[in-house]
1. Which residue is modelled with the lowest pLDDT, if the candidates are limited to segment 38-57 and must be part of a strand (DSSP E or B) and out of contact with any Ser or Thr (no Cβ under 7 Å at 6 or more places or on another chain)?
2. If only one of W81, W104 is farther than 24 Å from H141 by Cα, crowded, with 20+ Cβ neighbours inside 10 Å and outside the structural domain of V225 (by TED's automatic domain parsing), which one is it?
3. Mind checking which helices (runs of 4 or more DSSP H) fall wholly inside segment 300-416 and carry at least 3 residues that are touching a Ser or Thr at 6+ places or on another chain (Cβ under 8 Å)?
4. Identify all residues within segment 231-265 that are closer than 14 Å to L314 by Cα and among the β-branched types (V, I, T); write none if there are none.
5. Testing N193 on (1) closer than 30 Å to N342 by Cβ; (2) touching a residue at least 60 places away in the same chain (Cβ under 8 Å), one condition comes back false. Which one is that?
6. Can you report the number of residues in segment 27-49 which are under 20 Å from the mean Cα position of the chain (by Cα) and of a type outside the set (A, V, I, L, M, F, W, C)?
7. Looking at A49, A72, A131, can you tell me which residue is aliphatic (A, V, I, L, M), surrounded by 13 or more Cβ atoms within 10 Å (Cβ to Cβ) and more than 23 Å from E347 (Cβ to Cβ)?
8. Identify all residues within segment 307-338 that are farther than 23 Å from G287 by Cα and surrounded by fewer than 16 Cβ atoms within 10 Å (Cβ to Cβ); write none if there are none.
Amino acid sequence: MQWVVENFFKDPDLVMNELISYWHPGLQSILDGFIENSIGNFPIPLGVAPNFKINGKVYAIPMAIEESSVVAAASSGAKYWFDRGGFKAEVIDSKKIGQVHFKWKGDKKLLFESFNDIEKHLRNETKDITATMEKRGGGIHSIKLIDFTDKIENLYQIKAEFYTCDSMGANFINTILEQFAKSLKDYAISNDNFKNGDKDIQIVMSILSNYTPESIVHAEVSCHVDELENGKTIKNGKLFAEKFNTAIEIAKQDPYRATTHNKGIFNGIDSVIIASGNDFRAVEACGHTYAARDGQYRSLSNCEINKGIFRFWLDIPMAIGTVGGLTKTHPMARRSLEMMGNPDAHELMKIVASVGLAQNFSAVKSLVTTGIQKGHMKLHLSNIMTQLEATAKEKLKIIEYFKDKTVSYSGVKAVLEKIRS
């Protein structure tokens, strides 16, 4: 850290003291162990979205995020649906995928005819690695040989599917895949069916895939269109439902809208993923790939109105866990999971999907009624007043002044100067 502050900052002493001020006494050695070249911590607020009713159970959900209005929107969505039946969620499946990519110049027919025997060999060679996972109900689900030679010369792939119970399973899967690669080469060398020229299998790479289209969770809300009315922003339930449905259709057909639409879903999802110590980058990459699975990037959420019933739902793949990784080593991740009742991986998937759906509902609801800026600008005003170091009394006067006016930094600054003068 000394080298960094002395070579890259104008005031090394000031920066050094600032970085040290964000250290956590007693925890810093744990935090430093998460990454390389650690010089400190980058704080992100941890908020709570209360009153989430999911499958009849009420949760207070931790959300770690720096963007204003996200926690408010999720909380608003949870409150809105609390008395309308809450969120219904289910895990469709939780298969994870790993791949061994290899090149082989031999007889394709021989490779495929031998694959049943190869599969038995791969399973036998990894039985010690999978034993504990199998006792917990997981392990290797299937092993398939995929022909990629029409795309890349001599390229094949071993595609394996796994169940990893309550762990995300990355280390488990990658360990098995690397053993698969070694065992495959050994099999070709030692098996008499493979001629001398066919024994040379070149392993390109062995790695899990973050695209898990069969590890998918479904979350939905529904009610009669008349029940959508709240006496405030929604005075005509049927009209609101029709506008809302059209907004979802737009996000299905227009990639420009779909990108922002899905970003809003991930505002909710990412915040819970981060709070629980899971990998939000993997979850996002998987979700965005899934959104483009038919060749065009589309909305992840869906809507329909059928015989007067409004139904809004989200199907999204994710590979997350509640054991292993940061879920146990990061103290705030442990507390976040405790706040949610220490869920298993399937329950956490349901929680995460419900928060994403609530976030999306609140955003689209605002867009088709009051507009998105009304809620955003309240928090924007608060942030500006904090930046300008307004006192509590000054804040009350500024809030009153901007009650029916457009908020801008220069405008708030001018009003504050006028108050102070």
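1. Once the filter is applied, the top-ranked residue is N51.
2. On inspection, the qualifying residue turns out to be W104.
3. Here the list reads 331-339, 345-368, 373-387.
4. I248, I265
5. Status for N193: all satisfied but (1).
6. Of the residues in that region, 3 qualify.
7. Residue meeting the stated conditions: A72.
8. Within segment 307-338, K307, G308, I309, K328, T329, P331, R335, E338 meet the criteria.
The values are calculated or read from the model by the stated rules, or taken from the named source; none is laboratory data. Remember, it's a predicted structure, so these values are computed and weren't measured experimentally. Here the Cβ is made from the backbone with ideal geometry for all residues, glycine too, and neighbour counts use every protein chain on show.
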